[in-house]
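Just so it is clear, none of the values below were taken in a lab; they were calculated from the coordinates. From a predicted model like this one, the values you see are computed outputs, not experimental measurements. Positions of Cβ are backbone-derived with ideal geometry, glycine not excepted, and every protein chain shown enters the neighbour counts.
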Ligand SMILES: [Zn+2]
């Protein structure tokens, strides 16, 4: 999935929009997408981000793929909890893994 995302990014790099005042390019959009989801953008940056998303079909597709990959990431995290642990795993190791998982946002 990550690889697919990278390929998609490469495909999009040729579709940069012309810079107009108050607008961001697809490249800038891509840079702040993580901050957008982590809620690290100012209100102004958020508006700019959303404005670009509204008018740019490429980034609409991109964000869809981005959301899907986030969902997949969450899914595989659940699988770690539910299925993927060998039964004979030492309790200490299990705890260490659970701690590591917890630390991630
Ligand atoms: Zn775009």
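A few points about this structure:
- From least to most packed, judged by other beta carbons within 10 angstrom and beginning with the fewest, 68, 91 follow the order 91, 68.
- Each of 100, 48 was scored by other Cβ atoms within 10 Å of its Cβ. Listed from fewest to most, they are 100, 48.
- By the count of neighbouring beta-carbon atoms within 10 Å, fewest first, 52, 58 end up ordered 58, 52.
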